[in-house]
Amino acid sequence: MAIAIVDYGMGNLHSVSKAVERLGVEALVTGDRAEIMKADGIILPGVGAFGDAMEHLRESGLGDVMKEAAAAKRPLLGICLGMQLLFGSSEEHGQHDGLGILPGKVIRFADGDYKVPHMGWNRLEFLQKDNPLLAGLAEGHVYFVHSYHVLPEVKSDLIAVTDYGQPITAIVGRGSVYGMQFHPEKSGELGMELLGQFLKLCAERKNDHSLEQSQH
């Protein structure tokens, strides 16, 4: 099994690929469409500003590849900014269109009695305990670094939240598309378990796909 980690010039590629390899799965850091579409799962990482990231994705053509992968029901995981890019729009440094794979928008933290950026360990609250991504896992703390957060339009897309002066979207998912606002690769045991669950879903899809092909 191989996981494609999308290299579009804005991501913590090394730490994500090392985490995937630590879980015993081959990590392929690539910006090549054919390699990405051939992989058993796709991770879209991201660090930096939303508008810059979307520009990189558009110029490289990788934004269209992400939409194509989602439409083909390939397992796709967005991490941190990568999760935000899955949504329709962001107000970070002006208005920017996102990939629009999931409906919703990215907004700045409102002024309040908390520091922005939200940086550090916060506890996850699971809203969908029966979601396959959370199977067998217990709630715990993970590591966040962000100044903007997602407001999903569809309540059923929200899998987990954290409390930071208000409920903050922490994990989203619909079908084979998932997103994590925190960094699972920097989030200790729970982070690695969540990443492991995503890899397990990739393996299950690969097995189902192989079975389908062998029956034709």
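The values are calculated or read from the model by the stated rules, or taken from the named source; none is laboratory data. In this text the structure is predicted, and so the values were computed from the model without any measurement. Ideal geometry is used to build each Cβ from the backbone, glycine not excepted, and the neighbour counts take in all protein chains shown. Note: areas computed on protein heavy atoms with side chains; ligands, DNA, RNA excluded. Shrake-Rupley method; radii C 1.70, N 1.55, O 1.52, S 1.80 Å.
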* Name every residue in the stretch 55-79 that is out of contact with any Lys or Arg (no Cβ under 8 Å at 6 or more places or on another chain) and open to solvent by less than 10 Å² (accessible area, probe 1.4 Å), in order of residue number. => LEU57, GLY63, MET66, ALA69, LEU76, LEU77, GLY78, ILE79
* **Failed item, numbered, when SER156 is tested on (1) over 25 Å from HIS14 (Cα atoms); (2) more than 17 Å from the chain's Cα centre (by Cα)** => (2)
* Asked: When you look at LYS115, is it open to solvent by 30 Å² or more (accessible area, probe 1.4 Å), under 18 Å from the mean Cα position of the chain (by Cα) and more than 22 Å from MET66 (Cβ to Cβ), yes or no?
  -> no
* Structure fact -> When (1) closer than 26 Å to PRO117 by Cβ; (2) in a helix (DSSP H, G or I); (3) open to solvent by 10 Å² or more (accessible area, probe 1.4 Å); (4) in contact with a strand residue (DSSP E or B) (Cβ under 9 Å, 6 or more places away or on another chain) are applied to GLU92, the one that fails is (2)
* Please state which of the following conditions HIS141 fails to meet, knowing it meets all the rest: (1) modelled with pLDDT of 95 or more; (2) in contact with a Gly (Cβ under 7 Å, 6 or more places away or on another chain). => (2)
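Just wondering, is there one or more residues in the stretch 123-142 that are polar (S, T, N, Q) and crowded, with 18+ Cβ neighbours inside 10 Å?
Within the stretch 123-142 (the criterion being polar (S, T, N, Q) and crowded, with 18+ Cβ neighbours inside 10 Å), the answer is no, since none of the residues qualifies.
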* Members of the stretch 110-139 found to be on the phi > 0 side of the Ramachandran plot and in contact with a strand residue (DSSP E or B) (Cβ under 9 Å, 6 or more places away or on another chain), listed by number -> GLY120
* Can you pull out the residues in the stretch 1-28 that are within 21 Å of GLN84 (Cβ to Cβ) and in contact with a Ser or Thr (Cβ under 7 Å, 6 or more places away or on another chain)? -> ALA4, ILE5, ASP7, TYR8
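Residues checked against (1) open to solvent by less than 10 Å² (accessible area, probe 1.4 Å); (2) more than 24 Å from LEU99 (Cα to Cα); (3) part of a helix (DSSP H, G or I):
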position: ILE159; (1), (2), (3): yes, no, no
position: GLY165; (1), (2), (3): no, yes, no
position: ILE168; (1), (2), (3): yes, no, no
position: ILE171; (1), (2), (3): yes, no, no
position: PHE182; (1), (2), (3): yes, no, no
position: MET192; (1), (2), (3): no, yes, yes
position: PHE198; (1), (2), (3): yes, no, yes
position: ALA203; (1), (2), (3): no, yes, yes
* Pick from the stretch 88-115 the residues that are over 22 Å from LEU57 (Cα atoms) and not charged (D, E, K, R): which of them is modelled with the highest pLDDT? -> PHE109
* Asked: What number of residues within the stretch 12-38 satisfy the criterion of being within 16 Å of the chain's Cα centre (by Cα) and open to solvent by less than 30 Å² (accessible area, probe 1.4 Å)?
  -> 7
* Please indicate, with yes or no, whether at least one residue in the stretch 188-201 is modelled with pLDDT of 95 or more and over 23 Å from ALA4 (Cα atoms). => no
* To do: Please report, ordered by residue number, the strands (runs of 3 or more DSSP E) entirely within the stretch 25-87 with at least 1 residues that are within 18 Å of ALA170 (Cα to Cα).
  => 41-44, 76-79
